[in-house]
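Structure, as structure tokens:
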Amino acid sequence: LFPVSSASGFGRQRGCDQAAAMVALGTKMDYAKDMTFHVLAIAWLIYGESKILVSVFDIADEIDKPIACGVDAAAIAPFMTSGTVNSSTVTSNATLPAMTESLRRQLLIKDHCELRDGQYFIPSVTWAAERFWFDFFGILFAVNFALWSFLFLIGMFVVYAMILFQADKEEDRHRWEGRLDFARGLYMVIVSMLTFNLFLLYATVLNKLTAFGVWERDSAAAIVSSKYQTAKGATLDTDSWTDLFSPNFDALFEFKVPDRSEPLFLGTFVRNVAVFTCMTLLKNIYLVMVSSISDDLHIVSLIFATPFAVLAIGAFYVPYLAALFCWKNIEYANAINFNFDFDHRVRVATFGGLFFGLQILPNLFISWVTPAFLYGKEKWDTYVEEKKQGDSEPGLCDMTFWGHTFKFLISRSATVVGQYIIQGTIGLSCLGWASWDADDSYAKAAYWLLFG
């Protein structure tokens, strides 16, 4: 009943529709895989930042409780019964035990503690500033974190809906994905930078606990070495060579809450929160860099993207973390002498060294490096699409992505270099003066690392 030509034409047209449908389905499945990776990355970020936020208010609650001083009442009892109650008037004689530096330090701590029911406690007024700033930064962190997360998550789901159900052309999908990549990178970096001010509070709490003898001073080298050994063990503890491609790094990002019965509970808790905050910050920046270069978590993509992510972390975030550690030890030189005032030395290190000076480093990452990689990625997607239309594919060593990325970096380098020189010089000068004025070996070591 039907002409053969018409029937065959109908069949060809139907076959073309099926092929087009299969291609569209495959494209959307590729986007679905990319979305799965990005959604998991965002979920990991929100989980880590939420734990940090909860920990901030937990620390604020802990410093409201009575904290015993590190004073051995039995050891200093002979000096107390002899009528000597002030460490500055203690002299050795035949009736008293030999005076040691440890005893002299305990007597000094005793002079700054409150005696309650036969036990010495840190005065409540010691934590007046920390109570305010933990609440202030905690609320500020919570509001900004919730606001940015709400706006980004709404926008993310809207864009994903546009990509999967609304955009018919591949160019439109690439354009929406590029915008979402930029928004996601910006969101992750902004949320991560909200934690910077918390490091100053962690440092002041640990310094005061050390001054009152209930914490021992930490070495940054020891902490880094411990984390390195953890990563090394996770990589080498394998049953077969294939396990090298899936190492377990859970211990690097584990947050350990110490047992409350430990005598150094508060110091251990604050130190663990600080380390977890640092590792979460570095993990977030790593994810920003990897997602800016690649859309998936294939092992080849990670191998090629990881060196650039590590380079960005080492260039923009490790120096600022070194500056924060330098600030901690500058403030320690005051705290160990029970000088908790925000004096000239600490002001110079805080405002000149950190807030105006070396904060230029993470700011350059968010305003210069991240847009450059996202710009290169957008140009690369367009280039690949043009290649596909010409029935060809880019080669393994195609440098189009890096060409556009470095072109963007160079086009804005004049302003960036000027800012870096001016603010970096001021920041290094302020921290250098404060480190040598404090005459602290830990502060000087951190400064030389920063200077290098």
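The values are calculated or read from the model by the stated rules, or taken from the named source; none is laboratory data. Everything numeric here is computed off the predicted structure, so don't read it as measured data. Glycine gets a Cβ as well: all are built from the backbone with ideal geometry, and neighbour counts include every protein chain shown.
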> So, in the range 411-442, of the ones that are touching a residue at least 24 places away in the same chain (Cβ under 8 Å) and aromatic (Phe, Trp, Tyr), which residue ends up nearest to Arg217 (Cα to Cα)?
Replying inline: Tyr442
>> For the list (1) buried (at least 16 other Cβ atoms within 10 Å of the Cβ); (2) farther than 30 Å from Ile76 by Cβ, I need the number of the one condition that Ala146 fails.
In response: (1)
> Just one of Phe408, Phe451 is surrounded by fewer than 18 Cβ atoms within 10 Å (Cβ to Cβ) and either touching a residue at least 12 places away in the same chain (Cβ under 8 Å) or under 22 Å from Gln359 (Cα atoms) (or both); which is it?
Replying inline: Phe451
> For the range 341-439, which helices (runs of 4 or more DSSP H) that fit wholly inside it have 2 or more residues that are within 24 Å of the chain's Cα centre (by Cα) and either aliphatic (A, V, I, L, M) or closer than 23 Å to Leu186 by Cβ (or both)?
Replying inline: 360-364, 370-389, 413-438
> For Asp437, all conditions in the list (1) modelled with pLDDT under 90; (2) of a type outside the set (A, V, I, L, M, F, W, C); (3) within 30 Å of Val205 (Cα to Cα) hold save one; what is the number of the exception?
Replying inline: (1)
